[in-house]
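Working notes for the structure below.
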Amino acid sequence: MKIGFIGLGNMGGPMAANLATAGHDVTGFDTAAAAPEGVTVGRSAAEVADGAEVVVTMLPNGQILRAVAEEIVPVMANGAVFLDCSTVDVESARAVAEIAAARGLLALDAPVSGGVGGAAAGSLTFMVGGSDAALAIAAPLLDTMGARTVHCGPSGNGQAAKICNNMILGATMAVTCEAFALADKLGLDRQAMYDVASTSSGQSWSLTTYCPAPGVGPTAPSDNDYKPGFAAEMMLKDLRLSQQAAEAADAATPIGAVATEQYAQFVEAENGKGRDFSALLPRLERRGRG
Ligand code: NAD
């Protein structure tokens, strides 16, 4: 397929490279990052979108996505698919789908989980919003860049699934870190706490796959001095998107709101930027209630 790829950063670079390796004709554009091997460099977003059967975007936020959409939708080929894989607000995803539909184009929001490692390995999970017709065209590309695709419903629902999942993750990691810090103060050994909670009703992915306590459970960023992994500022971005969506939909998310505050404090006032999101544990273990 002839593919335009806009946003060749930490995620987009390896994703575009995997499409090229699979034999697709990929032309890429980024305002800063270099194109990976096998990807032809375009001079602008519009140039790489012109004539492409599928245009993939992997951009930092909804504002940039909307600006890129305004630029490329007018030049995209009739029947082409606008495949956005960025994590953005639900509203921007739906707005971009509408702009595309008004021009007779197909659109999908397909945010990912799996991180930079998953992007490089082609093992991402895609959460997709949009029509069956659009997904049928994009499916071979998603299968190349990822290992799993879940169709979540109409436009915007991929982003909705992503932020609901990550709100669970942020809140669960935060309280798992609190439980380890509390166990310390109660004189309960971390390994004993893990042995009980990991096989009891306190069990979660945050505890048993990504344990925030070093030396306990499987190897995780906590065993590597909390180098990410999944950086705290990325968790904060996703939590803020969840709260923005909750505000717009009038949904009560009190625990999600507290998790957002905790990560904002950590990232913006306590040098948490660049640390793994499980580094809330060393932050809490030094602290009392005051
Ligand atoms: P990144 O900052 O490394 O890449 C974004 C790229 O977009 C940059 O290279 C930047 O130069 C480029 N860009 C910005 N404005 C542009 C424009 N107008 N035209 C063309 N290029 C432009 O970020 P990333 O880590 O690759 O993340 C991309 C998206 O994927 C984000 O929405 C992020 O939330 C999401 N995501 C990231 C991860 C992760 O682990 N990094 C995991 C899941 C989802």
Dipole moment magnitude, nearest 20 debye, segment 223-290 about Cα centre, only Lys, Arg, Asp, Glu C-beta charged
220 debye
Cα-based reach from K185 at 16 Å (exclusive), listing aspartates and glutamates while leaving out same-chain residues under 8 positions away:
E285
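So which GluC sites (Glu not before Pro) in segment 250-287 are both in a DSSP loop and have at most 11 other Cβ atoms within 10 Å of their Cβ? Let's see the in-between values first.
Details: sites: E261, E268, E270, E285; in loops: E270.
Passing both the DSSP loop test and the Cβ count: no residue.
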M234 accessible area, 1.4 Å probe, all protein chains in place, Å² to nearest 10
100 Å²
Helical mean residue ellipticity (222 nm; -39500 (n - 2.57) per DSSP H run of 4+; nearest 500) of the chain:
-15000 deg cm²/dmol
Compute the acute angle (0 to 90°) between the alpha-carbon long axis of helix 90-102 and the principal axis of greatest extent of the alpha-carbon atoms of the chain; round to the nearest 10°.
10 degrees
P(r), alpha carbons of segment 93-195 - 10 Å bins starting at zero, rounded %:
15, 32, 24, 15, 10, 4, 0
Scan segment 210-276 for trypsin sites (Lys or Arg not before Pro) in coil per DSSP, keeping those whose Cβ has at most 16 other Cβ atoms within 10 Å, and list them by number.
K273
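Accessible area, 1.4 Å probe, largest first: how do C85, C164 sort? Let's see the in-between values first.
Numbers: C85 0, C164 80 Å².
My answer, sorted largest first, is C164, C85.
For segment 1-83, which GluC sites (Glu not before Pro) are both in a DSSP coil and crowded by at most 10 other Cβ atoms within 10 Å? Intermediate results must be reported in sequence, preceding the final value.
Details: sites: E37, E47, E53, E70, E71; in loops: E37, E53.
Passing both the DSSP loop test and the Cβ count: E37.
Can you give me the % of accessible surface on the chain that is carbon or sulfur? Probe 1.4 Å, all protein chains present, nothing else counted.
Numbers: 7070 of 13030 Å².
Carbon and sulfur together cover 54 percent of it.
So what's the convex hull volume per residue for the Cα atoms of segment 204-260, in Å³?
On the way: hull volume 4.8 nm³, N = 57.
Value for segment 204-260: 84 Å³ per residue.
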Just the accessible area per residue of the chain, please: how many Å² with a 1.4 Å probe?
45 Å²
Under 22 Å Cα to Cα from K162, which lysines show up? Leave out anything in the same chain fewer than 8 places away.
K237, K273
Report D for the chain in µm² per second (integer): Stokes-Einstein, Kirkwood Rh on Cα pairs, 20 °C, 1.002 mPa s.
107 µm²/s
Tell me the angle of helix 157-185 to the major Cα principal axis of the chain, expressed in degrees between 0 and 90 and rounded to the nearest ten.
20 degrees
For segment 1-89, report the translational diffusion coefficient in µm²/s to the nearest whole number, using Stokes-Einstein at 37 °C, 0.692 mPa s, and a Kirkwood Rh over Cα pairs.
263 µm²/s
Please build a GNM for the chain, connecting alpha carbons under 10 Å apart, and tell me which residue among L186, L108, L19 fluctuates the most.
L186
Let me spell out the model: positive unit charges on the Cβ of Lys and Arg, negative unit charges on the Cβ of Asp and Glu, origin at the Cα centre of segment 1-129. What dipole size does that give, in debye rounded to 20?
100 debye
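The values are calculated or read from the model by the stated rules, or taken from the named source; none is laboratory data. Quick caveat: nothing in here was measured; it's all calculated off a predicted structure. With ideal geometry, Cβ positions are generated from the backbone for all residues, glycine too; neighbour counts draw on all protein chains shown. Just so you know, the surface numbers come from the protein's heavy atoms only, side chains and all, with ligands and any DNA or RNA stripped out. Shrake-Rupley method; radii C 1.70, N 1.55, O 1.52, S 1.80 Å.
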